[in-house]
Protein chains: 4
Amino acid sequence: MKQTAIILLHCPDRQGIITDITKFITDNRGNIVYLDQYVDTIEGRLFMRIEWDLDDFLIPREKIKEYVKTMFGERYEMDFNVFFSDVKPRMALFVSKMNHCIYDILARYKTGEWNVEIPCIISNHEDLRYVAEQFNIPYYVWSINKDHSNKEEVERAEMELMQKENISFIVLARYMQIISDDMIKAYPHHIINIHHSFLPAFIGARPYDQAYERGVKIIGATSHYVTAELDAGPIIEQDVVRITHKDTPESLKIKGRDLEKIVLSRAVTKHIERKILTYKNKTVIFS
Amino acid sequence: MKQTAIILLHCPDRQGIITDITKFITDNRGNIVYLDQYVDTIEGRLFMRIEWDLDDFLIPREKIKEYVKTMFGERYEMDFNVFFSDVKPRMALFVSKMNHCIYDILARYKTGEWNVEIPCIISNHEDLRYVAEQFNIPYYVWSINKDHSNKEEVERAEMELMQKENISFIVLARYMQIISDDMIKAYPHHIINIHHSFLPAFIGARPYDQAYERGVKIIGATSHYVTAELDAGPIIEQDVVRITHKDTPESLKIKGRDLEKIVLSRAVTKHIERKILTYKNKTVIFS
Amino acid sequence: MKQTAIILLHCPDRQGIITDITKFITDNRGNIVYLDQYVDTIEGRLFMRIEWDLDDFLIPREKIKEYVKTMFGERYEMDFNVFFSDVKPRMALFVSKMNHCIYDILARYKTGEWNVEIPCIISNHEDLRYVAEQFNIPYYVWSINKDHSNKEEVERAEMELMQKENISFIVLARYMQIISDDMIKAYPHHIINIHHSFLPAFIGARPYDQAYERGVKIIGATSHYVTAELDAGPIIEQDVVRITHKDTPESLKIKGRDLEKIVLSRAVTKHIERKILTYKNKTVIFS
Amino acid sequence: MKQTAIILLHCPDRQGIITDITKFITDNRGNIVYLDQYVDTIEGRLFMRIEWDLDDFLIPREKIKEYVKTMFGERYEMDFNVFFSDVKPRMALFVSKMNHCIYDILARYKTGEWNVEIPCIISNHEDLRYVAEQFNIPYYVWSINKDHSNKEEVERAEMELMQKENISFIVLARYMQIISDDMIKAYPHHIINIHHSFLPAFIGARPYDQAYERGVKIIGATSHYVTAELDAGPIIEQDVVRITHKDTPESLKIKGRDLEKIVLSRAVTKHIERKILTYKNKTVIFS
């Protein structure tokens, strides 16, 4: 595996940006291995992902971010980030009692399907400790009181752990707890949730029961970044499955589990591959 | 084409109903050509569709309904209807300015794909008269004032026409007007609407703009029976199509049109085939 | 969980069968909890699944099969089977080197999603022993020579083990070996395979490479019962996912893995629930 | 509507091509309104679509092709074409007896959904003349003998008409006749066919009957460019719909019709928008 650098950027669309950036990379002997860009003509905004081989690149990797900022950042009012393929993102996995998402994620992790580290699993229940043990990953339990009186304290402990573990993003794998604003602010657009409905339908609790009540003919699952407003963050991925009048709330839950785990894992894949940009509560997903 | 009779029924689930009804038909020399039933175990309710050949049937067709009522109706607290395959349902088609649904419907009509009559097309605009003329179907325009001051009067005229034309059900092919309670009561669960979203997401006006704003990754269309509450009637059929961040409100409208016409036509097909039962604001759809 | 009995049957369609069987059960104080039937009018054949509560049933369970045979079997030329909900089917899981299907299956098994026992995992490679160990399931390896010279011997050993373990059906979770006729005959329509294409397209080896070469816009996966002819047995379940010109053989393999595991698990679910009938190389799948 | 020029090109991938072409356009005061490119890293080939406003463009439109050829064509071994938004492609529509595709196409045409002219409809049967008359489009019938003895003569007449009408591409809307090599050579990758199966499954005649026989759980439709080998040309678009054991060959045909018309129209849309490039019997489809 070659070492590569990745720039994810967006900025007001102006002539010459793509030319300038590709020229900057090739002039410095970087071999571009991925280039995709998208111009949102309604917002007048350019979104871009570029990745290049660092082997012969003349600029030292620790200087790249500074160079990009100096040469393009301010000039183009650019919002950008630089990543390196050999720096694995570090995921904290939050779970509760259901095991389908955690199994799907850990199976991929174990296989090496993802370029990621998962140093810790965090839960408010002991229920899934056995899964963590199967995969030899530390499992931490902080129980949240029914009256939420210790929630602040629990989140503080979780955030300390995550800081210690140098966590770069959080995956809520059917965690079933609302995340406080403090934690959301600490990981802006870096907390991925799976909601078990086709958002914005059936926001909040018990979406399968809501779907059953409404008599829909299709159910869905939605993976999104967590923001302060419940189930209203930027959508990363959705998928659906057809149901019939024969389905019960129970059978919807079973059918939904397969949707949830696949939709969540697709979203996590895109995040790990640094192929998501967010802007104005929406996502641009590079292929 | 053989003449057949169809019973659509639902009632509290009790042992022996299916046996009783099939025995009644076969004892009277009816050859059953279709039998499907579904027991909703949560509601404790049986839903059934049975169709049989009238050729050698001993009971005169005009007496069948009475016999069913006498023999089973009260005993089983049965909600039922009898239809005959040679009595074509008569559809009133309501349109406004967009032509994709009307074309899809009239093409099927012209081909003879549906066992239906369409004696009239009703609109509040002249825009689609040319389509009606292409297919030689009378086109009636009653313009509704912006302040809706003449709405009651217009609906009265429309209902007179429909009575005269012996209309049995109404299809709103992107009609874009809210139907008043009077008309809904006159055609209970016999007005089929197409809503251009995946209900219950994006109820009301401009769903594609709402979908664009929310940044969903999939859009849908929903066909449902019209009830007093807006976009909240029993859902007959839904379908979806995947979109991306590259889609604009305009491209959503174009992609949505194909969804809308197909979803509406599937719902109309099921209605014409007498394969829909409604109960507690949901539908049972026989295959 | 109540104890229930299930009859799966098919026979030439004649009036009275459903009545006779439901009467037989209710007359003997069986409470029917599931009844679904389908008449294939082209084949003139009735397919039926009926399940009832054994609590107050008058006929001893060990006599049920004999009674059904005597009363209906010959009279209606019926092909039937009787199952009991408390007799768990016993699955032998065959794997090779890829872990996505085995993880998906064992996660469901561990959760108790399926009414099944998995007493052994069989492979021709050591690669997935770690997965079996994670889930504490015996893992047996019989290596097949490249020239297949010991294949007969290996299959004999496998069949001995399966006999000892009282295996009732086999799941090939990307096993990648052709099963010999002897084993197929020993488990007729009881070996479930997952083929990584939308059959009958891309039969045989390397279907993702074939799909890439052909330039299809959608790929699929197919779960089917194994018969003597390669990839030609009765199809249980299929699903697809959209791809684009940007996909490589490698990305097809990754996208395909999620399809494969879900499609295989759906098929296994239906088999375990005794909801599949096969007839003339096709399946009837009850819902 | 502004006048724009479009270049569709592919060539061996080399650094600087995108920069060179965008610079050429912007240096000559062309305002780029669309730019999408894709590098096939397996083939080492760049595919690109660029569109710009002609309003202030300094190079006269009749010279653009020559300039592109001189400046880039040979240097980059480029395969390219230049189109102008105000030059509408002219479609010849070939039909036989089924009307669902022709209605779908003419409805879009009438609505102005497509930037296209349809000066003639060609058939080997009189059956659909009434549709052509509904839309006021000349309908030509050349009957092909059962022994195909006059096929060459018929195709010659058709090609004369198409030459006279300045036809740029052909749409076979369930035409049901094999096109001869001469006509294929005259319109290379400019004849769009709809095949009523999920290719490469069920090539040739009666695919719905084949699908029924095989017992598949999903059927599809495929739109592709016609090449000398039957049903083997570059695939433009495919879609599928789920079926069950309850479907008959007849119901598959009905379900398939909706698939066919939508899949064909999507392919025609992409062709008209000049968003398809073909290379090595595959398509690159720009969004």
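The values are calculated or read from the model by the stated rules, or taken from the named source; none is laboratory data. Since we're looking at a predicted model, the values are computed, not measured. Backbone-built Cβ (ideal geometry, glycine too); neighbour counts: all protein chains shown. For the accessible areas, the whole protein counts, side chains as well, though only heavy atoms, and no ligand, DNA or RNA atoms are used. Shrake-Rupley method; radii C 1.70, N 1.55, O 1.52, S 1.80 Å.
Summary of computed values
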quantity	calculated
Odd one out for B:Ile50 among (1) in contact with a Ser or Thr (Cβ under 8 Å, 6 or more places away or on another chain); (2) loosely packed, with under 15 Cβ neighbours inside 10 Å	(2)
Filter result for D:Ala107 (assigned to a helix (DSSP H, G or I), surrounded by 15 or more Cβ atoms within 10 Å (Cβ to Cβ) and not charged (D, E, K, R))	yes
Condition check for C:Glu113: facing chain A (nearest Cβ under 10 Å) and part of a loop (DSSP other than H, G, I, E, B)	yes
Pick from region B:248-263, criterion within 10 Å of chain A (Cβ to nearest Cβ) and open to solvent by 30 Å² or more (accessible area, probe 1.4 Å), ranking: nearest to A:Met48 (Cα to Cα)	B:Thr248
Which numbered condition D:Glu229 fails, given (1) out of contact with any helix residue (DSSP H, G or I) (no Cβ under 6 Å at 6 or more places or on another chain); (2) modelled with pLDDT of 95 or more	(2)
Unmet requirement for C:His245, which otherwise passes all of (1) outside any strand (DSSP E or B); (2) surrounded by 21 or more Cβ atoms within 10 Å (Cβ to Cβ); (3) at the interface with chain D (Cβ under 8 Å from one of its Cβ atoms); (4) not charged (D, E, K, R)	(2)
Matching residues in region A:142-168 - criterion: being farther than 20 Å from A:Asp127 by Cα and touching a Lys or Arg at 6+ places or on another chain (Cβ under 8 Å)	A:Glu165, A:Asn166, A:Ile167, A:Ser168
Every pair of residues 6+ apart whose Cβ atoms lie under 7 Å, when the first sits in region A:50-69 and is of a type outside the set (Lys, Arg) while the second is open to solvent by 30 Å² or more (accessible area, probe 1.4 Å) and assigned to a helix (DSSP H, G or I)	A:Leu54/A:Arg61; A:Ile59/A:Tyr67
Any hit, region D:48-58, residues being closer than 30 Å to C:Tyr212 by Cβ, within 14 Å of chain B (Cβ to nearest Cβ), at pLDDT 95 or above and part of a helix (DSSP H, G or I)	no
Output for region D:17-39, where each listed residue is open to solvent by 30 Å² or more (accessible area, probe 1.4 Å) and either outside any strand (DSSP E or B) or at the interface with chain A (Cβ under 8 Å from one of its Cβ atoms) (or both)	D:Ile18, D:Thr19, D:Asp20, D:Lys23, D:Thr26, D:Asp27, D:Asn28, D:Arg29, D:Ile32, D:Val33, D:Leu35, D:Val39
Where a residue in region A:104-116 is acidic (Asp, Glu) and its partner, wherever it lies, is open to solvent by less than 20 Å² (accessible area, probe 1.4 Å), with Cβ under 7 Å and at least six apart	A:Asp104/A:Lys261; A:Asp104/A:Ser265
Filtered residues of region B:137-176 (kept if open to solvent by 40 Å² or more (accessible area, probe 1.4 Å) and over 18 Å from B:Arg90 (Cα atoms))	B:Val141, B:Trp142, B:Ser143, B:Asn145, B:Lys146, B:Asp147, B:His148, B:Ser149, B:Glu152, B:Glu153, B:Arg156, B:Met176
Filter result for D:Ala186 (open to solvent by 30 Å² or more (accessible area, probe 1.4 Å), at pLDDT below 95 and more than 14 Å from chain C (Cβ to nearest Cβ))	no
One residue from C:Ser180, C:Ser123 being open to solvent by 30 Å² or more (accessible area, probe 1.4 Å) and among the small types (Gly, Ala, Ser)	C:Ser180
Qualifying positions in region B:70-81 - surrounded by 14 or more Cβ atoms within 10 Å (Cβ to Cβ) and among the charged types (D, E, K, R)	B:Asp79
Hits in region B:150-191 - residues which are out of contact with any strand residue (DSSP E or B) (no Cβ under 7 Å at 6 or more places or on another chain), in contact (Cβ under 8 Å) with a residue 40 or more places away in the chain and of a type in the set (D, E, K, R)	B:Asp181
Failed item in (1) outside any strand (DSSP E or B); (2) within 10 Å of chain A (Cβ to nearest Cβ), with D:Lys2 passing the rest	(2)
Which numbered condition D:Ile42 fails, given (1) open to solvent by less than 50 Å² (accessible area, probe 1.4 Å); (2) more than 10 Å from chain A (Cβ to nearest Cβ); (3) free of Cβ contacts under 8 Å to residues at least 24 places away in the same chain	(1)
Top-ranked residue in region A:82-104 [being more than 16 Å from the chain's Cα centre (by Cα) and aromatic (Phe, Trp, Tyr); ranked as least open to solvent (accessible area, probe 1.4 Å)]	A:Tyr103
Which listed residue is closer than 19 Å to B:Ser251 by Cβ, open to solvent by 20 Å² or more (accessible area, probe 1.4 Å), more than 10 Å from every other protein chain (Cβ to nearest Cβ) and under 19 Å from the mean Cα position of the chain (by Cα), from D:Arg266, D:Arg274	D:Arg274
Selection from region D:68-95 of residues that are in a loop (DSSP other than H, G, I, E, B) and either of a type in the set (Asp, Glu) or within 14 Å of another protein chain (Cβ to nearest Cβ) (or both)	D:Glu74, D:Glu77, D:Asp86
The one condition in (1) within 13 Å of chain D (Cβ to nearest Cβ); (2) touching a strand residue (DSSP E or B) at 6+ places or on another chain (Cβ under 7 Å); (3) of a type outside the set (D, E, K, R); (4) more than 20 Å from D:Glu113 (Cβ to Cβ) that B:Leu128 fails to fulfil	(4)
Condition broken by A:Leu259, with the remaining ones in (1) outside any helix (DSSP H, G or I); (2) over 13 Å from the mean Cα position of the chain (by Cα); (3) closer than 20 Å to C:Leu259 by Cβ satisfied	(1)
Total residues in region C:198-210, condition within 21 Å of C:Cys101 (Cα to Cα) and facing chain D (nearest Cβ under 9 Å)	3
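Every residue, every condition in (1) open to solvent by 30 Å² or more (accessible area, probe 1.4 Å); (2) over 12 Å from B:Pro200 (Cβ atoms), yes or no:
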{"residue": "A:Ala201", "(1), (2)": "no, no"}
{"residue": "A:Gly215", "(1), (2)": "no, no"}
{"residue": "A:Asp231", "(1), (2)": "no, yes"}
{"residue": "A:Asp239", "(1), (2)": "yes, yes"}
